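To keep things clear, I will list the structure first and then write my remarks on it.
No lab work stands behind these numbers, since they all come straight from the coordinates. In this text the structure is predicted, and so the values were computed from the model without any measurement. Counting neighbours? That spans all protein chains shown, and the Cβs are built from the backbone with ideal geometry, glycine included.
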Amino acid sequence: MLKVDSINGYYADLHVIKNLSLRIDQGEVVALFGPNGHGKSTLLKILCGLQHPKSGTILFNGENITAYPSHRIVELGIAYIPEARDLFGDMTVMENLNLGAYNKRARHSIPQNLEFVFEIFPRLFERKNQLCSTLSGGESRMVAVARGLMSEPSLLMVDEPSIGLSPSLRSSVFEALAKINREKGITLLIVEQEIRDALSMANRIYMIKKGEILFEKPSAEVDINEIEKAYF
Amino acid sequence: MKKIISNWQASFVAAIVIFLAAYPLLGPSSYLKHLFILFFIWSVVAAYWNLLNGYVGINSLGNIGFLAIGGYTSGILALRFGLSPLITIPIGGVVTGLLVTLFLGFPALRLSGIYIALLTLIFADSLPSILTQTRDITGGGMGLHEIPPFFPGMEKVHTYYICFVFFLIAMLILYKVIHSKTGLAFVAMRDSENLANTLGINRYQERLKVFAISSFMTGIAGGFYVHSLGDISPTTLSIEPFLLALAMIELGGIGTFFGPILGAGVIVFGNEFLRLAGTLRLTLLGALICGVILFYPGGIMQLVEELGTRIKVLFNRKKVTE
Amino acid sequence: MRKTALKIIIAACLLTVLSGGLAGCGGKDVIKIGAPMPLTGPYASDGEQFQMALQMAIDEQNAQGGLLGKQLELVPGDVGALEAEKIKAVGEILSGEGVDLVLTGYADSGVDARVFGEYDMPYLHADAMSADTDVVASDLEKYGNVFQYCPSEVSYGYDAAENLFKVPAQMGWTEPNKKVAAIRADYSYNVLASDKFLELAKEKGYEVVVDEIVQFGTVEWGPILSKIQETQPAYVTFWILDPTDASRFIIQFTEKFGANGYNGLVYMQYTPNFPEFLTLAGEAGNGVIWSTSVGVVSPDAPEYAARWTEKFKVEPKSTYAYSVRDGFEIWVQAVEKAGCVDCYDKVNENIRTMTYQGFAGFYQFDPKDQQAKFGDEFIPTLWYQVQDGKHVIMGPAAHKQGDYQLPPWIK
Amino acid sequence: MESFLNALVSGLISGSLYAAMALGLTIIYGISRIFNFGHGVIALIGAYIAWIFVQNSKIADTSLLLGILVAIVFLFLLGFLLYRYTMNPLMKKPNWEISTVLFMLGLGILLENVILQIFGPRVKSIPVFKEGNIRIGMVQINWHEIIIIFIVILAIFLLNLFFKHTRSGQAMRAVAQSIPGAKVVGIDIEKIFGYTFGLAFVVTGISGILLGTKYYMNPHIGWEWMVKGFVIVCFGGLGSTNGAIYAALILGVVEALATLFLSAMWVWPIWFAIFMIVLLIRPQGILGGRV
């Protein structure tokens, strides 16, 4: 589905993605591990067109999207849920969700998608007319994920979905993600520090260090100690 | 850090200074001397404006107001109390520096980017009505006329040299300011965003300092302006001189030492010669400004740099072939 | 080191050549006439008339074989909104062009006399400003080339105090009170004239109830009109040169008082003479009284107007269309008498001593400040009222074209 | 009392004109963070286009509507293309804040003088929409001014509808609040900025037409309009539409009362003082925030 071939990316002047290749198959859940500041977020930004790689190619369903601007990539079905949620604070939850379906493809299926989103996040239905700036941290996460879903993605990339959440909220977010993958068949790419949680739902993992892929494994074969070691 | 002047530039500057010093001996018309006098004064105004906008990142749009305050103060003192311009010009500078820093710098510099621009612009724009309120002293809309020259019986040549010397001194001071600890810190900050904190300087205080210097020197320039030309009126504060001064900075090359001087040259001479083009003059000027910003954002200085490197390449190539 | 020195010398030479080339000026096979005029800005509608008058004068003179066998050529210069800096620049340019005469309707701001006084060629203007004539009076030796071919603005003050209070009797209306309002611009032409007027009005027992000095460009007159409404002065005098200000004022005045009426007169100094005024004010201008010392009294005027209309396909719209021609003819006579153009002292002396019967009256220059003498036997101040969208002369009696009518707002 | 009330009303009228002046500025700034220093001249272009259509009619009629329509189309395209070909490349540079300001200033000079070339220096005016006036109690107000106030209110109402309920309007608000957020949901920012410029130019042009009926126009008057607009948007809080409207009304009334009780000459210094005080207490303006 997504094929990344030896890309190089920069954060300001720093060379943070070095000759990196990876692939994601249809319907998979892929987790991306690695220490902070080693290029995970930059990689996601490159994949969704917020940044562009200096070299290398990115193929999505066979289409070369390397130089596409973000709005075209969204149109093709890749949604990105950033770590800093970047919600529209002075707008209501509903308006945020509607804007999630800004691209032409998603516009027609707003009602169905809303229904699905409210089903997995019933909390949002109660708050739908509240301004986003007044929501709690957990609720903001939910809006962010929901807004991503509204664009009818076939690939959803989530950057640290659980950061700063209480354990109970964390598990409900992961449950929701699993449900999205299961029921809608949406492929997931998750960057996460909560290794156990992520492992439990991922099919495959990539370990990134210093901008390079350290190893790639099906999650069943992963030894947690191996990952924790890789962090140091 | 990049050196501000390279060798070949230094020799060029020396050539121009020599030329300017010798120019009146060639017997130019009084009109041309007049233009050079304007050039000297506007260069100083533009250069110190550029100190704020280009070096320190204070988007001031009120420097013409500083010029007017300095000019009016000096003019009034000389005209009404018969004091010598030698005394009144520095007083004008000090008054400008104090007034502007207290009433504008203190509040404005706490604000961010565009607010400073607007506050300073509005400050300059409210001056004409204040001048009218105080018309018994300032002459109101009529302005001040027959302001005494630097000394009785002065001729254009003398004015030329006095302004020339002022120009040299002002530029020397500016050079020192830019190369002082404060100035270098600001240059460094401009080049790299996060440096301010690491350098451990109090940004507000330093900005205030530079603001005071710029307003003081612009006020002094105002003094030279009125005593050279003999008049000042609220039309000095109208939109055209303001736009022209900004154009000088932009055309010359914002944030460079020589840019505003070159820009002042182009605008003062170009604008006057273009007067013959009639009403098309400002159309051309506007088009020039737009074109430079879009296609030549470094202004004339960029052109000079490029020519410099090209010449260097040429010389080097010759050496190689030899 | 030697190489550096060489480079310096080459660069300096280049610059010298460059500026030397710029400094040179052309030969002299034509007589150039410099004209600093307000071609842009609020007074452009007058400036346009000056330029047309000058162009016509020069074309007609050239058609007759020129002056002393040489063709004439106009060098216009724009002084915008009569700004000191622009006048200076234009002055420097005209002198660089080598003009033999500087002639304009007006280029005031008070500095033009000093700018052109620096040179020797005659400068003829009708600024009507004592800021100019005072300069000339202060140093006749130096400013002997500066002539004002009309009386100064203070004459408006004298004249208004003399004649305005006589209007009610001529109009068949009685003043309801002895109150005066003055609305004036911060500009010497307006301020000095109105100062004189107010001073004399007070001496005559009138009370000044509103005295507002404003900047040019006032748009909303509501608050000032409210002040007028409160105090109800019988005379509203308006001393602002900018015709857009004046038309906005009179429009808002009629809007406010048109329905219920206002028992008072409106006098507007020279301003309605701008072609712009009638265009902008439209019907609201009817009833306004104004005066000018650059009027048209000559019986030859209609014939001149016909020539003008034939040439430009429009009628002359300001009295300056006529008086600028007077200025031109004065100089032509002086030059013809002197027999040379660039013998400036001789030409100036001729102007100083000549008399000339022109469109605006009988010109004779006052030796003390070289302004045309003021008065009914010299240059009379003409009083006009706007009636049915036209300027009609009300006085002095010798030139009268009609009678005062009650302004539409007096009910 | 009567003159106080009348001054108040005339203050409100100026205020609504000032609000019209400020709207276009605040829209552009609120969404794109570009401060349009060519604002005055854009307003003037709108006014001159309308004038072409009404120059021979006495009272504005259908030809004015046609003129407004043409002005809208022309200005929308101008704004869109201007963004596309000048602002967009400039915004990608590090010192975009000052270079866009200077570019728009340069463009202002250029267009002002193009207008001068085309239309000449003479003053032009757009005829009033409806002559005559009515009296309500002690207050007298003329129809034309009522219509102006109505148009301003209508414009504000329509803009609010647009921002709240249309896709493009919502996208503009989204861009104003978070550019990365907007990119993530697939909004084409450059296109939205282009539309923003188009919309703001249209609003500015219409305000110019209103101003042209009351202030008259000449090629140079745009700067004056612009500076007043600046004070208002700063006072109201940059980018805040509602703030700009309140600020415009407050300043209009202050102007009228200052003229009535002091003198017209005090207006600017008082504006400046108020402005200064507000900025010291609330640097973000009276209603700092976003569109």
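Among D:Ile34, D:Ile189, D:Ile149, the largest mean-square fluctuation in a Gaussian network model of chain D, built with springs joining Cα atoms closer than 10 Å, belongs to D:Ile189. Using alpha carbons only, the radius of gyration of region A:1-138 set against its Kirkwood radius gives Rg/Rh = 1.00. Since only B:Leu79, B:Phe150, B:Ile162 are under comparison, the one whose Cα sits farthest along the positive direction of the charge dipole of region B:2-321, derived from C-beta charges on Lys, Arg, Asp and Glu, is B:Ile162.
Listed by chain and number, the lysines placed with their C-alpha closer than 18 angstrom to that of D:Lys228 are D:Lys214; residues fewer than eight positions away on the same chain are left out.
Can you tell me which of B:114-120, B:151-157, C:125-131, D:232-238 comes out highest on packing, and rank the rest after it, using the mean Cβ neighbours within 10 Å? Walk me through the numbers before you get to the answer.
Values: B:114-120: 23.3, B:151-157: 11.7, C:125-131: 25.4, D:232-238: 28.4.
Most protected by this proxy first, the peptides run D:232-238, C:125-131, B:114-120, B:151-157.
For the protein assembly as shown, pairs of C-alpha atoms spaced more than 53 angstrom apart make up 33 percent of the total. Ordering C:Ile351, C:Val341, C:Tyr304 by Cα displacement along the dipole of region C:295-411 toward the positive end leaves C:Tyr304 in first place; charges were set at the Cβ atoms of Lys, Arg (+1) and Asp, Glu (-1). For the segment D:224-230, counting C-beta atoms of other chains within 10 Å of every residue's C-beta and taking the mean gives 3.
For helix C:84-97, what angle does its Cα long axis make with the longest principal axis of chain C, in degrees from 0 to 90 and rounded to 10? The answer is roughly 40 degrees. With viscosity 1.306 mPa s and temperature 10 °C, the Kirkwood radius over alpha carbon pairs of region A:2-231 converts through Stokes-Einstein to a diffusion coefficient of 89 µm²/s. Given a Förster radius of 56 Å and the C-beta distance between D:Lys164 and C:Thr353 as r, what FRET efficiency does 1/(1 + (r/R0)^6) yield to the nearest 0.05? The pair D:Lys164/C:Thr353 has a calculated efficiency of 0.10. Taking packing as the residue-averaged number of other Cβ atoms within 10 angstrom, the listed peptides C:132-144, C:110-122 run from highest to lowest as C:110-122, C:132-144. On a per residue basis, the convex hull of the C-alpha atoms belonging to region A:129-231 measures out at 127 Å³. The distance from the alpha carbon centre of region D:140-201 to that of region C:320-342 is 62 Å, rounded to a whole number.
Here C:Lys313 is the anchor, and the lysines within straight C-alpha reach of less than 25 Å, apart from those fewer than 8 places off in the same chain, are C:Lys390, D:Lys58, D:Lys124. A simple spin-label model places the labels of A:Ile110 and B:Tyr296 5.1 nm from each other, with each point 7 Å out along Cα-to-Cβ. Positive end of the dipole of the protein assembly as shown, charges at C-beta (+1 Lys, Arg; -1 Asp, Glu), about the Cα centre: which of C:Pro380, A:Ser166, D:Ile149 has its Cα farthest in that direction? Farthest towards the positive pole: A:Ser166. Taking Cα centre as origin and charging only the Cβ of basic (Lys, Arg, +1) and acidic (Asp, Glu, -1) residues, the dipole magnitude of chain D rounds to 620 debye. In chain A, the calculated helix contribution to ellipticity at 222 nm averages -11000 deg cm²/dmol per residue, counting -39,500 (n - 2.57) for every DSSP H run with n ≥ 4.
The GluC sites (Glu not before Pro) found in region D:178-267 include none that occupy coil by DSSP while having at most 14 further C-beta atoms within 10 Å. Over the C-alpha atoms of region B:37-142, the Rg to Rh ratio, Rh being the Kirkwood estimate, stands at 0.99. Label-to-label distance, B:Ser29 versus B:Val17, with points set 7 angstrom from Cα along the beta-carbon direction: 3.1 nm.
Working from the pairwise distances between different alpha carbons, so that the mean of 1/r is found and then inverted, what is region D:24-219's Kirkwood radius in Å? Taking every pair of different Cα atoms in region D:24-219, averaging 1/r and inverting gives 17.9 Å.
Report the charge-dipole magnitude of chain C in Debye, nearest 20, computed about the Cα centre from +1 at each Lys and Arg Cβ and -1 at each Asp and Glu Cβ. Charge dipole, chain C, about its Cα centre: 520 debye, nearest 20.
Rg/Rh for region C:220-295 to two decimals, with Rh computed the Kirkwood way over all alpha-carbon pairs. Radius of gyration over Kirkwood radius for region C:220-295 works out to 0.94.
Calculate the dipole size of the protein assembly as shown relative to its Cα centre from +1 charges on Lys and Arg beta carbons and -1 charges on Asp and Glu beta carbons; express the result in debye to the nearest 20. For this selection, approximately 4400 debye. Per-peptide packing, taken as the mean over residues of other Cβ atoms within 10 Å, places B:225-231, D:205-211, B:160-166 in the sequence D:205-211, B:225-231, B:160-166 from highest down.
Counted over all Cα-Cα pairs of chain B, pairs farther apart than 38 Å make up 15 percent. Between region C:158-188 and region D:80-97, the alpha-carbon centres lie 58 Å apart. The mean count of C-beta atoms from other chains within 10 Å of the C-beta of residues in B:113-124, rounded to a whole number, is 6. Per the Debye formula on identical point scatterers at the alpha carbon atoms of chain C, with no solvent, log10 I(q)/I(0) at q = 0.13 Å⁻¹ is -1.07.
Treating r as the C-beta distance of C:Lys390 and D:Phe150 and R0 as 30 Å, the FRET efficiency rounds to 0.25. Charged neighbours of D:Glu224, selected by a Cβ distance under 15 Å, balance to -4 (K, R count +1; D, E count -1). Counting only alpha carbon atoms, the long axis of helix C:344-353 and the longest principal axis of chain C meet at about 20°. Computed over chain B with a Gaussian network model linking Cα atoms closer than 10 Å, the most mobile of B:Ile239, B:Ile91, B:Ile289 is B:Ile239. Helix D:241-261 axis versus longest C-alpha principal axis of chain D: approximately 30°, rounded to the nearest ten. Here's the picture: a label point sits 7 Å out from the Cα of B:Leu83 along the beta-carbon direction, and within region B:106-142 the residues with their amide nitrogen under 18 Å of it are B:137-139.
Restricted to Cα atoms, region C:55-159 shows a radius of gyration and a Dmax of 14.6, 45 angstrom. Peptide B:10-20 shows a mean partner chain C-beta count of 5 within 10 Å per residue C-beta.
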